[in-house]
Amino acid sequence: MNFILLTQYDGKIVGPFAKLLGILMNGIYDAISSMGIPNIGLAIILFTIIVNILLIPLTVMQQKNMKLNAVVNPELQKIQSKYKGKRDQASMEKQQKETQMIYDKYGYNPTSGCLPTLVQFPIMLALYRVIYQIPGYVTGIKDQLQEIATIALTQNDFASKIADLANANAMNPEKYAFDGSTPESVNYIIDLFYKFDKTEWASFSDLFPSIADQIRPLYENILDMNSFLGGINLTEAPGFKLSIALLIPFLAWFTQWLNIKVSQAGQNTNTNPDDPTAATMKSMNTFMPLMSAFFCITFPAGLGIYWIASAVVRTVIQVCVNKYFDMIGVDSIIEKNIEKQNKKRAKQGLPEINADGSYVHGNSNMNSAVNTEKRERIIPVIEKNTSDSSAYYNKTYDKGSIAARARMVQDFNDKEKK
């Protein structure tokens, strides 16, 4: 296993994902080739669009979690401020209990935001593998490179003559055999040929003049397939030289920045400055677009095209998802969460959860003879509290909002404690 080679990746976790995505990429390339447009850049863009559409359910899950975060976090921050500096066991237990009540009140699972990331992580690595190792997955490209390799291997001292070109492309001949004696060795030659730019193909032709005319149409076809916007070679890193290729790192930064802005649209930005999570997220939102630009400067331009296309597609999808959640409202999300949670609790024989995070107790306790006297004492208190809380709600809060009712109950209880 070697991370710089362009042959198929065979890792136990990422490898199967890469093979599936490779089949998709190969199908896309074959389809556009049949239409007379055999271009790797176009194939990468179409590939990126399809993969991101398939990942829409995870995008919806992430955005739903962010919407809930905007409601939950202010209340969690109040609890954190309330118990700030208190490290005794009783205070920590109370903080944990109050925090859990907030989670229950909104049907919120703090670990739910991790699931989409965990699912997407191996997929993202597999996407990277496919884009970075095109000949290993796209047979139309590999077959042409293999044809050149077959012709080149007929030349005397082939392995020794290409040593300088191999070293220039970070493939030390002492580590990688270029004698063509094994399928693996032929793959190394294909890997090397895929990295060649126009200048290196000219140098290769000078090394083997007897086959120069024979291989020229083949490598020119490869160069055409890897050309994007007329002047960007997808196998080359843009680097820092002044050229049209510098558009790639710039667009990578801009599209990533735009995607972050859109994904956070409508979220609560008034976070607690003492919250380390908020500070970390703010730093990451600044750092990630810059990191994208750096990677797109140093990695082959094909990866940059994928990065840009992915950010653009995610942004469009994000706008649509945002409009959907704005239309249904956060109260609908909370209501469905609590309903789903109560169904699960009912199967487990647990009491249902109220809108304020408290539990609904069954009638059996209230109907028992033992509790009759206790019930007679409690019911007037419940009726009084209900009347008082209703008056407080009608005076202070908007009617009809689940989130408002939940906050009302919490505020009323805090007032009673005082």
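For the range 291-305, the Karplus equation 6.51 cos²θ - 1.76 cosθ + 1.60, evaluated at θ = phi - 60°, returns couplings of 5, 4, 4, 5, 4, 6, 7, 9, 9, x, 4, x, 5, x, 4 Hz by residue, with Gly and Pro reported as x. Highest mean packing first, where packing is the average number of other Cβ atoms within 10 Å per residue, the peptides 91-97, 297-303, 316-322 line up as 297-303, 316-322, 91-97. For the range 1-104, just say rounded, prolate or oblate: build the C-alpha gyration tensor, square-root its eigenvalues into a ≥ b ≥ c, call rounded for a/c under 1.5, and beyond that prolate if a/b exceeds b/c, oblate if not. Because a/c hits 1.5 or more and a/b exceeds b/c, the range 1-104 counts as prolate. Principal semi-axes of the equivalent ellipsoid, √(5λ) from the alpha carbon gyration tensor of the range 50-206, are 59, 18, 12 Å from largest down. Taking only protein heavy atoms and a 1.4 Å probe, the accessible area of the range 16-65 is 77% carbon and sulfur.
When ASP88, ASP224 are compared by accessible surface with a 1.4 Å probe, the order from highest to lowest is ASP224, ASP88. Listed peptides 29-38, 45-54 appear in the order 45-54, 29-38 once ranked by packing, highest mean of other Cβ atoms within 10 Å at the front. For the range 129-222, the per residue solvent-accessible surface stands at 45 Å², with DNA, RNA and ligands left out and a 1.4 Å probe. Among the listed pairs LYS67/LYS340; LYS97/LYS261; LYS12/LYS195, those with a Cα-Cα distance over 24 Å are LYS97/LYS261; LYS12/LYS195. Accessible area of ARG345, 1.4 Å probe, to the nearest 10 Å²? Roughly 40 Å² of ARG345 is accessible to a 1.4 Å probe.
Grab the eigenvalues of the alpha-carbon gyration tensor for the range 168-228, scale each by 5, take roots, and send me the semi-axes largest first in whole angstrom.
Over the Cα atoms of the range 168-228, the ellipsoid semi-axes are 20, 14, 12 Å.
Give LYS82/LYS336; LYS105/LYS344; LYS78/LYS336; LYS64/LYS323 a once-over and call out the pairs whose C-alpha atoms are over 18 Å from each other. Beyond 18 Å between Cα atoms: LYS82/LYS336; LYS78/LYS336.
Note on GLN100 and LEU223: the model spin-label points, each 7 Å out from Cα along the C-beta direction, lie 6.9 nm apart.
Remark: accessible surface ordering of LYS105, LYS344 (largest first) is LYS344, LYS105, probe radius 1.4 Å. Placing TYR103, TYR176 in order of accessible area, with the largest value first and a 1.4 Å probe, yields TYR103, TYR176. Placing pseudo-labels 7 Å out from each Cα toward the beta carbon at ASP326 and ILE151 gives an inter-label distance of 5.7 nm.
The values are calculated or read from the model by the stated rules, or taken from the named source; none is laboratory data. On a predicted model such as this, the values are computed, not experimentally measured, just so you know. Cβ: placed from backbone, ideal geometry, glycine included. Neighbour counts: every protein chain shown. In case anyone asks, the SASA skips ligands and DNA or RNA and just uses the protein heavy atoms, side chains included. Shrake-Rupley method; radii C 1.70, N 1.55, O 1.52, S 1.80 Å.
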